[in-house]
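Student: One structure, pasted below without further comment.
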Amino acid sequence: MTKVLILCYFFPPANLAASRRLHSWAMYLYDSGIYPIIITRSWNVSFSNAYELLQPDTRQIIHRKYDQYEVYYMPYRGSLRDRLLTRYGPDRLVLLRRSLTFLEHFMQNFTLRFLPYYNLYQQAQKVLRSDPSIRLIVASAMPFSLFGMCHRLSRKFKIPWVADYRDDWNTTSWKTNYSEQSFLRGALSLPERILKFFEKRSERRWLSSAVLFTSVSRYYVWKISNFILRPGKVVYNGYEDLSAASEPVPFDGELRITYSGNLYFTQDISVFAQGLSLFLHQQRDARIALQFIGTGYDPKQVARLEGLFGSMPVRLLITPWLSDEEARRYLAGSHVLLAVANAGFKGAISSKAFVYLSYKKPILLCPSDNDELEALLLPSGLATKAQTPQQAAAFLQQCMNCLNQGLSIASAANEAFIAQFSREQQAKKMGAILNSVLA
């Protein structure tokens, strides 16, 4: 069994998509002859909004060993910026918090000591000193400063390392990856330009020592590889397993449509909203439940959804982040799952798209990206593409017709295609990549 040290910020019990990717590696890399030793920050809360991510957890180091892996949970005190935000809220001390954010991002290009999770690096050194049998180091980012940690560890201990990009960094297809405001104005502010200059240099410098990298889509691998000049491989996020697939949901006269997860300002959900409005105008007696689960953490998106759908005769539900069990109940009880492409992210495949596949339910892709999200969903046999409000309305009418006649909404799942995207299969793929490095 080959030991591999993995640094990551997100890991269960944090109920986030990033945690699930790493947890699947912890569970399944063992089948590829790899024993992961994971170092992460400590998490003692379940999250209903983004601010709770910043809550400190100052317990002592927790070391847990399982059959397939072991994990060190490191105390997290939080930065001064985090403590100000959690104490005073998002509307006070804004300028001071922005200054502290700038300082942290700027200084990470020169030293790791400013990072509130610097103790991950310190613990990694202790583990590597105490266990010389560890043969490989892996960092899964964000945060991207984990790459800086592995760059230093690799040089110090003469151990190769692999980078995992859950998101791209300086190659992002946003006009900027710093703030919604700079994206909307189409230009970086002066502080953002300064950070961009130094972070580009850091990304190239840190990744120059990586053996290879992995990322979550083919386009991400292509553009990152061209930027850092290192070879890359695709390892998709995947879904937990196929046991989530449910029997057809009984129809009680209400068509239940569910969107799962975060909603970003770059997702044009207005196309679906117009389509739903058109359908309701044509079918005035139709009963619709529109559920946005885990979307309510962002007040701006809640206001946006309420503005689009609040005046419609639908049962609108917007929830905060939910536990996996709660989210599964909503998804299993839905007739249709809604996917909305990200206009500002070429090559981006939301982790929810893989979750949708496991339920084998009809998926409305509205609008499509005409890119990798479409290439994932359409061949599954589950998805219908709607680029216009009229197409969305026609799909909803077809669904309602089927249900009113006592029929299931037609969707012939391509089982073989879907199966390759399970987290177990993707972890096996990651295992093969890591073993190729160790060979």
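The values are calculated or read from the model by the stated rules, or taken from the named source; none is laboratory data. What you see is a predicted model, and the numbers here were worked out from it, not measured in a lab. Here Cβ is always computed from backbone atoms with ideal geometry, including for glycine, and neighbour counts include all displayed protein chains.
Student: State the number of residues belonging to segment 105-140 that are out of contact with any Phe, Trp or Tyr (no Cβ under 6 Å at 6 or more places or on another chain) and not in a loop (DSSP other than H, G, I, E, B). Lay out the reasoning, then the answer.
Tutor: Our first condition is that a residue be out of contact with any Phe, Trp or Tyr (no Cβ under 6 Å at 6 or more places or on another chain); within segment 105-140, this holds for 105-106, 108, 110-111, 113-122, 124-127, 129-136, 138, 140.
So of that shortlist, the ones also not in a loop (DSSP other than H, G, I, E, B) come out as 105-106, 118-122, 124-127, 129-130, 134-136, 138, 140.
Number of matching residues: 18.
Student: If I filter segment 172-205 down to residues being β-branched (Val, Ile, Thr) and modelled with pLDDT under 90, which single residue comes out as farthest from residue 223 (Cα to Cα)?
Tutor: Initial filter on segment 172-205 (β-branched (Val, Ile, Thr)): 172, 176, 194.
Next, from what is left, pick out any that are modelled with pLDDT under 90: 172, 176.
Working: 172: 9, 176: 16 Å.
Step by step, filter segment 172-205, then rank; the result is 176.
Student: In segment 292-324, which residue that is in contact with a Gly (Cβ under 7 Å, 6 or more places away or on another chain) and of a type in the set (A, V, I, L, M) is modelled with the lowest pLDDT?
Tutor: Of everything passing the filter in segment 292-324, 322 is modelled with the lowest pLDDT.
Student: A follow-up question, please. Sort out which residues of segment 238-259 are under 17 Å from the mean Cα position of the chain (by Cα) and either at pLDDT 95 or above or of a type in the set (A, V, I, L, M) (or both), and write them in order of number. Before the answer, list the steps.
Tutor: Taking segment 238-259 first, the residues under 17 Å from the mean Cα position of the chain (by Cα) are 238-240, 259.
Result: 259, single match.
Student: Okay, next question. For segment 68-99, give me each residue that is crowded, with 16+ Cβ neighbours inside 10 Å and free of Cβ contacts under 8 Å to residues at least 12 places away in the same chain.
Tutor: Across segment 68-99, the qualifying residue is only 93.
Student: When residues of segment 114-154 are filtered for being polar (S, T, N, Q) and over 23 Å from residue 102 (Cα atoms), how many remain? Working first, answer last.
Tutor: If we filter segment 114-154 for residues that are polar (S, T, N, Q), which is where we start, we get 119, 122-123, 125, 130, 133, 140, 145, 154.
This time we only want the ones that are over 23 Å from residue 102 (Cα atoms), so: 122-123, 125, 130, 133, 154.
Result for segment 114-154: 6.
Student: Also, I was wondering about something else. Evaluate the following for residue 358: is it among the polar types (S, T, N, Q), more than 20 Å from residue 314 (Cα to Cα), assigned to a helix (DSSP H, G or I) and free of Cβ contacts under 8 Å to residues at least 12 places away in the same chain?
Tutor: Working: among the polar types (S, T, N, Q): yes; more than 20 Å from residue 314 (Cα to Cα): yes; assigned to a helix (DSSP H, G or I): yes; free of Cβ contacts under 8 Å to residues at least 12 places away in the same chain: no.
No.
Student: Sort out which residues of segment 129-138 are touching a residue at least 60 places away in the same chain (Cβ under 8 Å) and more than 29 Å from the chain's Cα centre (by Cα), and write them in order of number.
Tutor: Kept after step one, since they are touching a residue at least 60 places away in the same chain (Cβ under 8 Å), are these residues of segment 129-138: 131, 133-138.
Residues satisfying the conditions are 131, 133.
Student: Hey, another quick one. Within segment 390-416, which residues are in contact with a Cys (Cβ under 9 Å, 6 or more places away or on another chain) and closer than 27 Å to residue 345 by Cβ?
Tutor: Of segment 390-416, the ones in contact with a Cys (Cβ under 9 Å, 6 or more places away or on another chain) are 391-392, 395, 408-410.
The answer is 391, 392, 395.
Student: Do the conditions hold for residue 102, that is, is it crowded, with 18+ Cβ neighbours inside 10 Å and either assigned to a helix (DSSP H, G or I) or assigned by TED's automatic domain parsing to the domain that holds residue 193 (or both)?
Tutor: Details: crowded, with 18+ Cβ neighbours inside 10 Å: no; either assigned to a helix (DSSP H, G or I) or assigned by TED's automatic domain parsing to the domain that holds residue 193 (or both): yes.
In short, no.
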